[in-house]
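Written below as structure tokens is the structure these notes are about.
The values are calculated or read from the model by the stated rules, or taken from the named source; none is laboratory data. From a predicted model like this one, the values you see are computed outputs, not experimental measurements. Just the protein is used for accessible areas: all its heavy atoms, side chains included, with ligands, DNA and RNA removed. Shrake-Rupley method; radii C 1.70, N 1.55, O 1.52, S 1.80 Å.
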Amino acid sequence: MLKRLAAALSCTALALGGAVAIAPTAQASPQSCYYYVLEQYPGADEEVAERACRIGGRGGTENFRACYHELRRDHIPAVVAGEACRRAARG
């Protein structure tokens, strides 16, 4: 789903002459988290990764913890979960 969203946003930005090019950066952090999880742990449930990264993307300690615990419940290694949630919170 995120791949389709990114492609749609890219096409829209190109169609509007780059005026929308700034908008995708708001979602770049949760996307970075999502792709990091899938690269580091290919067996991850994509829906769980997406949900966790969106939570982590809200920022703050509680959202970081919620992101981390969500990923750990899916058996994502602790190091990968921690780094992914840090990437989600960057913005």
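Some points to look at:
- Rolled with a 1.4 Å probe across the full set of protein chains, the surface gives Glu70 an accessible area near 30 Å².
- The accessible-area ordering, largest first, of the residues Arg87, Arg65 stands as Arg65, Arg87, per a 1.4 angstrom probe.
- Karplus-derived HN-Hα couplings along the stretch 68-78 (A = 6.51, B = -1.76, C = 1.60, θ = phi - 60°), whole Hz, x at Gly and Pro: 4, 5, 4, 5, 5, 4, 8, 6, 6, x, 4
- With the convex hull drawn around the C-alpha atoms of the stretch 28-89, the volume per residue stands at 55 Å³.
- Probe 1.4 Å, all protein chains present, accessible-area order of Ile55, Ile76, largest first: Ile55, Ile76
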